[in-house]
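What follows is one structure encoded as structure tokens, with my remarks underneath.
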Amino acid sequence: MTAQKVSWEYYSGGRGDGTSPTADYCGICDPLTGFTSIMTTDLKKNLKDVNDLYADIAAGTVPSVAFVRPLERMAGHPANAKLALYENFVTNLVNMVHDHSDLWNTTAILITYDEGGYYDSGYVQPVDFFGDGTRIPLIVVSPTSRKASSITLITIMSRC
């Protein structure tokens, strides 16, 4: 995206400034921190805390593409989070964007949810140790589906 001059940010709940994350930060769910091409370059500045997203929404400075990962306890993963907290996180974020009509009118919000494999309606044939992967539900929230000249993309992920 950077090479194509598309602005982007990866917002992680609990990340803080990256030097002292909270206990509710999921380091393995912040995948770009594992790439030296990110962490040893100016691209590191694109990794931000989810609170920075709230400020960017309020200021009208949301990048063209925003990846969002909530605090771990709000991620909705069956193993360690409550689904209701994830639903509230998503609802609040959608409402924040909706309240800014200029942003809302040019935004598509993609919501994924790692439901722990319960979504599959049938047997998933394992291909290797990890299987072939479960299906991850996707919900698209957008005021319109017609082509826009410029669109902001916000992806909310429940799990890495």
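The values are calculated or read from the model by the stated rules, or taken from the named source; none is laboratory data. These numbers come from a predicted model, not from an experiment. All Cβ positions, even for glycine, are placed from backbone atoms using ideal geometry, and neighbour counts span all protein chains on display.
Those residues that are among the hydroxyl-bearing types (Ser, Thr, Tyr) and at pLDDT below 60, I need them from the stretch 96-122; list them, please. Talk me through it step by step, then tell me what you get.
Initial filter on the stretch 96-122 (among the hydroxyl-bearing types (Ser, Thr, Tyr)): 101, 106-107, 112-113, 118-119, 121.
Those that are among the hydroxyl-bearing types (Ser, Thr, Tyr) and at pLDDT below 60: Tyr118, Tyr119, Ser121.
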| On the given criteria, is Val62 surrounded by 14 or more Cβ atoms within 10 Å (Cβ to Cβ), touching a Ser or Thr at 6+ places or on another chain (Cβ under 6 Å), of a type outside the set (Gly, Ala, Ser) and within 27 Å of Thr144 (Cα to Cα)? | yes
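Okay, residues lined up against (1) more than 14 Å from the chain's Cα centre (by Cα); (2) charged (D, E, K, R); (3) closer than 18 Å to Thr112 by Cα:
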position	(1), (2), (3)
Gly34	yes, no, no
Asp49	no, yes, no
Thr61	yes, no, no
Phe67	no, no, yes
Pro70	no, no, yes
Asn95	yes, no, yes
When the stretch 65-76 is checked residue by residue, the ones that are crowded, with 18+ Cβ neighbours inside 10 Å and farther than 13 Å from Asp24 by Cβ are Ala66, Phe67, Val68, Gly76
Practice task
Check whether at least one residue in the stretch 9-24 is more than 13 Å from the chain's Cα centre (by Cα), buried (at least 16 other Cβ atoms within 10 Å of the Cβ) and closer than 19 Å to Val140 by Cβ, and report yes or no.
Solution key: no
Counting only residues in the stretch 13-69 that are of a type in the set (Ser, Thr, Tyr) and part of a helix (DSSP H, G or I), the one modelled with the highest pLDDT is identified as Tyr54
